[in-house]
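One structure below.
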Amino acid sequence: MLQSIRDRLTGPLVWFVVGLIAIPFAFWGIDSFNTGGGDPVMAEVGDQKITQNEFSRAYEQRYQQYRSLLGENFRADLFDENQFRRLTLDDMVQESALRQFARASGYRASDAVLRDYLVSIPAFQKDGRFSAETYRELLQRQNLPVDRYEAQLRESLVIDQLRGAVQDTSFATEQDVCTSIDST
């Protein structure tokens, strides 16, 4: 049967149709190489792009955290997925802006700060003390290379430094205090 179809599909008309189909695919393929693939950009913050894949990973991670936090009280029928998507993207944009500002302002997390933080994480401790073996095992179970985890942790610590600097310099005027006392 396939042979009879093949025998009928010969001649200039068939080659013309094949050409019409092939040309757009050729241009689409070339464009895909120029743009770097098919991972669409969801948001651009300064010089950083938040791609669909990055967003999907962050969304899934936050969704799982939310579910585990609520436990048995989680109800999927009351969960507003669109709002959660918006909040996740907003958080990613804010985090990216903070990271870029902190980097430009010279904030850094030193090796000592990173080490002190790692030592304080209970999941990495064995018998009340930091265990390098436990640390590596836990990261390996999550398929997370040590250098990537530490880079993410450094960025998080830098953002915490920046937030702390802003919070430590906050103040309230006498009028703000009086207004808040009057409203209670």
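Of the conditions (1) assigned to a helix (DSSP H, G or I); (2) among the hydroxyl-bearing types (Ser, Thr, Tyr); (3) open to solvent by 80 Å² or more (accessible area, probe 1.4 Å), Thr134 clears all except one; give me its number.
All conditions are met except number (3).
Going through Arg99, Arg75, Arg62 one at a time, which residue ends up being over 22 Å from Glu44 (Cα atoms) and basic (Lys, Arg)?
Only one candidate qualifies: Arg75.
Give the residues of the range 126-147 that are under 16 Å from the mean Cα position of the chain (by Cα) and modelled with pLDDT of 90 or more, sorted by residue number.
None - no residue of the range 126-147 is under 16 Å from the mean Cα position of the chain (by Cα) and modelled with pLDDT of 90 or more, so the list stays empty.
Name the pairs: first residue in the range 35-46 and within 16 Å of Val93 (Cβ to Cβ) and at pLDDT 70 or above, second residue part of a loop (DSSP other than H, G, I, E, B) and not basic (Lys, Arg), Cβ to Cβ under 9 Å, at least 6 apart or on different chains?
none
Restricting to the range 137-153, give me the number of residues that are open to solvent by 70 Å² or more (accessible area, probe 1.4 Å) and within 26 Å of Tyr107 (Cα to Cα).
Adding up the residues that qualify gives 3.
Please specify each residue of the range 86-97 satisfying the condition of being under 16 Å from Gln61 (Cα atoms) and loosely packed, with under 14 Cβ neighbours inside 10 Å.
Arg86, Leu87, Asp90, Asp91, listed by residue number.
Being modelled with pLDDT of 90 or more, open to solvent by 70 Å² or more (accessible area, probe 1.4 Å), among the charged types (D, E, K, R) and not in a helix (DSSP H, G or I), is that true of even one residue in the range 60-71?
Checked the range 60-71: no residue is modelled with pLDDT of 90 or more, open to solvent by 70 Å² or more (accessible area, probe 1.4 Å), among the charged types (D, E, K, R) and not in a helix (DSSP H, G or I).
Just to check your reading of the model, which residue among Gly106, Gly164 is small (Gly, Ala, Ser), at pLDDT below 90 and surrounded by 10 or more Cβ atoms within 10 Å (Cβ to Cβ)?
From the options Gly106, Gly164, the qualifying one is Gly164.
The values are calculated or read from the model by the stated rules, or taken from the named source; none is laboratory data. All values reported here derive from a predicted model rather than from experimental measurement. Every residue, glycine among them, receives a Cβ derived from its backbone with ideal geometry; neighbour counts consider all protein chains shown. Calculation scope for accessible area: heavy atoms of the full protein, side chains included, ligands and nucleic acids excluded. Shrake-Rupley method; radii C 1.70, N 1.55, O 1.52, S 1.80 Å.
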